[in-house]
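Enquirer: To start, I am sharing the structure in question, which I have written as structure tokens.
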Ligand code: S3P
């Protein structure tokens with residue numbers, strides 16, 4: 001993909017559905033009784049991996065226009081798959097499904113692409129094993145492929161060393177089937193979509209500070225899920241709208257769950273002009289239209305409890321910081337190293353090659369903004385968020401930016417480049 005400077009971005013856009021909520025709607029729909037009707041489902045490759053895993057376990061899932069219907073078979077209705085389950089590039093699929101599979105009465109093997117086979121799975125193997133799960137890494141390296149032999153589980157109180165919704169959700173989903181109560185305490189609250197949706201489906205989940213608890217469920221019941229637009233995808237248009245002079249973009253129906261809205265807080269702290277309109281909170285997940293206008297940005301500090309609320313937006317925030325006056329420091333973000341790629345390395349490499357003043361640190365980056373960027377050849381490391389970040393940076397750089405492996409945006413945002421270009425009037 002080749003990107004060049006644009007005069008401005010103007011117009012209205014509806015971005016695809018939230019990835020985290022889409023995954024969870026299929027997972028809970030599959031283990032609930034009755035039909036779950038999902039509107040706004042994200043048809044990205046990651047969520048399609050989740051659909052195909054549950055189809056392989058006997059769940060009928062169909063598309064009807066823009067709705068997805070999941071014909072759930074109840075908590076004990078999954079069937080042993082005839083083949084290895086392929087989670088593709090999706091960490092959410094691999095980790096959350098492990099929590100559902102550990103307590104079943106059959107065995108499964110989970111695998112995925114080259115990136116998934118390098119991502120840490122010990123973080124879910126440890127708590128699930130404490131609950132009584134039999135789960136091993138077949139290569140012995142703590143990564144997929146994972147073999148899970150279904151077995152009965154007991155509730156635990158897990159003190160998670162990382163603020164990770166995938167770890168928390170894997171334990172809570174296992175807790176649905178365990179004997180006794182299951183609790184997870186995190187260093188900081190991570191996204192709470194599992195808790196919200198589990199309660200909608202009839203489970204009993206409670207949150208007190210950074211501790212979430214669940215009691216075993218007799219049954220879950222299918223229901224309607226309206227998936228709002230993904231704030232992590234909206235982030236690219238927020239950044240582009242703030243960075244490209246003369247821009248004004250209205251981004252419709254974006255999820256603004258408070259455990260995900262760190263990007264809004266940071267943009268505003270950097271002097272960004274973002275207005276929330278038409279707020280709603282149907283089905284427990286708050287949403288709003290976001291109106292963004294070009295702004296003169298200044299640097300900021302990002303760390304601590306804010307990090308889990310904007311973890312996937314840090315690459316694009318790093319690009320934004322290059323166009324902000326002064327210093328931006330990102331700290332407490334070592335988790336970026338174990339995402340679809342090492343995102344600290346990918347950002348520092350790509351932005352440096354465009355002329356930015358950016359330094360890698362142990363757990364983040366330091367950026368001195370205000371230096372003009374020039375186009376370059378960028379390795380996306382086949383990481384969707386890296387590719388989209390550099391497409392946005394390329395809009396404000398002199399000359400041409402070439403993104404290698406640009407198709408990986410299909411993981412979370414099929415149609416991303418078309419949407420970006422349509423706002424540029426191309
Ligand atoms: C996700 C949680 C986050 C996030 C990922 C999606 C989820 O990962 O980065 O894109 O849907 O639960 P961690 O739980 O590893 O922080």
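Every number here is computed from the coordinates shown, using simple stated rules; none is lab data. The structure presented is a predicted model; accordingly, all values stated were derived computationally and were not measured. All Cβ positions, even for glycine, are placed from backbone atoms using ideal geometry, and neighbour counts span all protein chains on display.
Enquirer: Within region 321-331, identify whether any single residue is more than 11 Å from the ligand (Cβ to nearest atom), touching a residue at least 60 places away in the same chain (Cβ under 8 Å) and either under 19 Å from the mean Cα position of the chain (by Cα) or surrounded by fewer than 18 Cβ atoms within 10 Å (Cβ to Cβ) (or both), and answer yes or no.
Expert: The answer is no, given that none of the residues of region 321-331 is more than 11 Å from the ligand (Cβ to nearest atom), touching a residue at least 60 places away in the same chain (Cβ under 8 Å) and either under 19 Å from the mean Cα position of the chain (by Cα) or surrounded by fewer than 18 Cβ atoms within 10 Å (Cβ to Cβ) (or both).
Conditions tested, residue by residue: (1) touching a residue at least 12 places away in the same chain (Cβ under 8 Å); (2) within 16 Å of the ligand (Cβ to nearest atom); (3) surrounded by 24 or more Cβ atoms within 10 Å (Cβ to Cβ).
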residue	(1), (2), (3)
4	yes, no, no
9	yes, no, yes
58	yes, no, no
87	yes, yes, yes
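Enquirer: Could you tell me which of the residues 344, 367, 302 is farther than 30 Å from residue 160 by Cα, crowded, with 24+ Cβ neighbours inside 10 Å and in contact with a strand residue (DSSP E or B) (Cβ under 7 Å, 6 or more places away or on another chain)?
Expert: On inspection, the qualifying residue turns out to be 367.
Enquirer: Now, a different point. Restricting attention to region 61-75, does a residue exist that is more than 16 Å from the ligand (Cβ to nearest atom), in a loop (DSSP other than H, G, I, E, B) and surrounded by 24 or more Cβ atoms within 10 Å (Cβ to Cβ)?
Expert: No, because not a single residue in region 61-75 is more than 16 Å from the ligand (Cβ to nearest atom), in a loop (DSSP other than H, G, I, E, B) and surrounded by 24 or more Cβ atoms within 10 Å (Cβ to Cβ).
Enquirer: Please determine whether any residue of region 83-94 is in a strand (DSSP E or B) and touching a strand residue (DSSP E or B) at 6+ places or on another chain (Cβ under 8 Å).
Expert: Within region 83-94, one or more residues are in a strand (DSSP E or B) and touching a strand residue (DSSP E or B) at 6+ places or on another chain (Cβ under 8 Å).
Enquirer: I've got another one for you. Which of the residues belonging to region 143-187 are within 11 Å of the ligand (Cβ to nearest atom) and surrounded by fewer than 20 Cβ atoms within 10 Å (Cβ to Cβ)?
Expert: 160, 162
Conditions tested, residue by residue: (1) within 16 Å of the ligand (Cβ to nearest atom); (2) within 30 Å of residue 74 (Cβ to Cβ); (3) free of Cβ contacts under 8 Å to residues at least 60 places away in the same chain.
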residue	(1), (2), (3)
190	yes, yes, no
194	yes, yes, no
206	no, yes, yes
221	no, yes, no
233	yes, no, no
253	no, no, no
257	yes, yes, no
262	yes, no, yes
268	no, no, yes
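Enquirer: Do any residues in region 150-169 that are more than 13 Å from residue 125 (Cα to Cα) have Cβ atoms under 6 Å from those of residues that are near the ligand (Cβ under 7 Å from one of its atoms) and assigned to a loop (DSSP other than H, G, I, E, B), where the two are at least six apart or on different chains, and which pairs are they?
Expert: Between residues of region 150-169 that are more than 13 Å from residue 125 (Cα to Cα) and residues that are near the ligand (Cβ under 7 Å from one of its atoms) and assigned to a loop (DSSP other than H, G, I, E, B), the close pairs are 163/190; 164/190; 165/190; 165/191.
Enquirer: Kindly state which helices (runs of 4 or more DSSP H) lie completely within region 169-279 and contain at least 2 residues that are closer than 30 Å to residue 33 by Cα.
Expert: Those helices (runs of 4 or more DSSP H) span 193-200.
Enquirer: Residues in region 303-310: is at least one free of Cβ contacts under 8 Å to residues at least 40 places away in the same chain and part of a loop (DSSP other than H, G, I, E, B)?
Expert: no
Enquirer: Within 16 Å of the ligand (Cβ to nearest atom), free of Cβ contacts under 8 Å to residues at least 60 places away in the same chain and closer than 22 Å to residue 177 by Cα - does that describe any residue in region 26-36?
Expert: The answer is yes; a qualifying residue exists.
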